[in-house]
Amino acid sequence: MSSQEIEEATTAIRSHIVDFLTTLNDQMDEQRLSEIVEADGTLQSKNLGQTPERCVEDALIWPILETLGYEYTPRPYYPVGDSDEQPDFRIDNLSETVIGENKSVNNFETAQADIEGYLDSRRYEYGLSTDGFRWGMYAVEADDSGRANLVTVVEEQNIAPAIRRIARDQGLVSYTEELQENSTVEGVLGDFYQTFNHYGIRRAIGGLTEFYDLYLEVTAGNGEYQHLDVDLVDEVEHPPDASQPEKLAFAVLLVDRLAFVKLLADRGILDRVALHAQWSEHNQGLNRFRGSFYSQYLQPLFHDALSTPKQQRDDELPEMFSDVPHLGGGLFEQILPGERAFDVPDSVMKPVLTQFIENEERTLVNEAAAGSILETYTEEFESRDLAGQIPQYYADIVDAYGAEIEYVESEIERTLRSFAATEAR
């Protein structure tokens, strides 16, 4: 996760908080904002002209959920339970069943208790509780006696200190004592975003299984839950004497390289390399008649630009690659025998780019920052099936990926993988 992403998200959340405070200040007949923000006061319908829960949802919770990267359905229908026993929202872009319960500000414990009741009913897997100020994600686990207990999935977050500082900065509240907290607005909101954003929750609840199942489908055609209309490993054009392990190694190496390119682009290192834009241009122009997207764009990028020092590059290299830095770690050098003889037809490349590289971009970038996609799949999911089919190439690919990260961090961008908290804020 880049510092730019965190900064943009915290700026957006800060803006939502300002809008929320302004809404309260404008709507309340009796000005009680100081009591609510500085103490533990609660909103009242008669003073607000609206039900407090609905006001907090519309002005604060829904905007924050969107900034965190969630797609959601308010008041989802479930064919069980009474109408007053239905959750306030459902998260739609996580593979697990995640529901949410909202309450008005300074009423977090009630939201937490309601979520515990929903989860104990065994109808849902995970639950998010919030009053707009405090946020928690939970599951239930049975103890030795069989009693269900609420357990936290990620560390609970409280953004009230940031809200209090923002309200004071905006001149919306009165106070007699200076704040004692050492935390900054950026620090509180940065921690909140890094904990509760879609990717963080997806990883915490095991949703990356879906991502890596698609990875397995893309590389080897063996996804258990997802299916592509093409098979990269069998449909790539390869040298006549290429073995099946070499064809599979080419597929996983291609995905690792594409992931690394997306990581570099996300970090601003490859400003002029935009896979989606270049793919669109390739399909609309004459390039598609000259050869595949792989042969016309990716292969020159990998072998003639990224792996070649600038002073040694061919004069006929496309101008768009003139500012591409040289990467000396070895990931983009020819690792496989006869690698330049491999090619990927556009009909095969399209679903790889659109359904995996682009649709899973945020997760792909974060996983790429952690290391080789091939290595993570093998080690964290304890599956040796893929690596076992390419024993003579597994170490070469994984080691080259690790060496490339080390090279970039030592020569180009020292915070490629992670960003210190002080920098992120």
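In the stretch 290-310, is there at least one residue being under 18 Å from residue 368 (Cα atoms) and outside any helix (DSSP H, G or I)?
For the stretch 290-310, residues under 18 Å from residue 368 (Cα atoms) and outside any helix (DSSP H, G or I): absent.
Table: residues versus (1) in contact with an Asp or Glu (Cβ under 8 Å, 6 or more places away or on another chain); (2) in the same structural domain as residue 26 (by TED's automatic domain parsing); (3) under 21 Å from residue 43 (Cβ atoms); (4) without any contact (Cβ under 8 Å) to a residue 12 or more places away in the chain.
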{"site": "142", "(1), (2), (3), (4)": "no, yes, no, yes"}
{"site": "155", "(1), (2), (3), (4)": "no, yes, no, no"}
{"site": "159", "(1), (2), (3), (4)": "no, yes, yes, no"}
{"site": "178", "(1), (2), (3), (4)": "no, yes, no, yes"}
{"site": "192", "(1), (2), (3), (4)": "no, yes, no, no"}
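Please verify whether residue 309 is out of contact with any helix residue (DSSP H, G or I) (no Cβ under 9 Å at 6 or more places or on another chain), at pLDDT 90 or above and over 30 Å from residue 198 (Cα atoms), treating the condition exactly as stated.
yes
Residues that are touching a strand residue (DSSP E or B) at 6+ places or on another chain (Cβ under 8 Å) and part of a loop (DSSP other than H, G, I, E, B): does the stretch 353-372 have at least one?
no
Here are 292, 307: which of them is among the hydroxyl-bearing types (Ser, Thr, Tyr) and in contact with a Phe, Trp or Tyr (Cβ under 6 Å, 6 or more places away or on another chain)?
307
A quick yes/no check of all residues on (1) within 30 Å of residue 241 (Cα to Cα); (2) in contact with a His (Cβ under 6 Å, 6 or more places away or on another chain); (3) among the polar types (S, T, N, Q):
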| position | (1), (2), (3) |
| --- | --- |
| 265 | no, no, no |
| 312 | no, no, yes |
| 318 | no, no, no |
| 329 | yes, no, no |
| 334 | yes, no, yes |
| 348 | yes, no, no |
| 356 | yes, no, no |
| 368 | no, no, no |
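Okay, residues lined up against (1) outside the structural domain of residue 164 (by TED's automatic domain parsing); (2) assigned to a helix (DSSP H, G or I); (3) closer than 17 Å to residue 196 by Cβ:
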residue: 90; (1), (2), (3): no, no, yes
residue: 93; (1), (2), (3): no, no, yes
residue: 101; (1), (2), (3): no, no, yes
residue: 105; (1), (2), (3): no, no, no
residue: 111; (1), (2), (3): no, yes, yes
residue: 118; (1), (2), (3): no, yes, no
residue: 124; (1), (2), (3): no, no, no
residue: 128; (1), (2), (3): no, no, yes
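Confirm whether residue 145 is exposed (fewer than 14 other Cβ atoms within 10 Å of the Cβ), farther than 29 Å from residue 360 by Cα and not aliphatic (A, V, I, L, M).
Numbers: exposed (fewer than 14 other Cβ atoms within 10 Å of the Cβ): yes; farther than 29 Å from residue 360 by Cα: yes; not aliphatic (A, V, I, L, M): yes.
Judged against the criteria, residue 145 is a match.
Considering each residue of the stretch 201-225, count those that are in a loop (DSSP other than H, G, I, E, B) and surrounded by 15 or more Cβ atoms within 10 Å (Cβ to Cβ), and give that number.
4
Considering only residues that are over 28 Å from residue 161 (Cβ atoms) and surrounded by fewer than 16 Cβ atoms within 10 Å (Cβ to Cβ), look in the stretch 87-119 and name the one that is modelled with the highest pLDDT.
Per the criteria, the residue is 92.
Residue by residue through the stretch 375-393, note down the ones that are of a type in the set (Gly, Ala, Ser) and crowded, with 16+ Cβ neighbours inside 10 Å.
The one that is of a type in the set (Gly, Ala, Ser) and crowded, with 16+ Cβ neighbours inside 10 Å: 387.
The values are calculated or read from the model by the stated rules, or taken from the named source; none is laboratory data. Just so it is clear, the structure is predicted and the values come from calculations on it, not from any experiment. Glycine also receives a Cβ, built like all others from the backbone with ideal geometry; neighbour counts cover every protein chain displayed.
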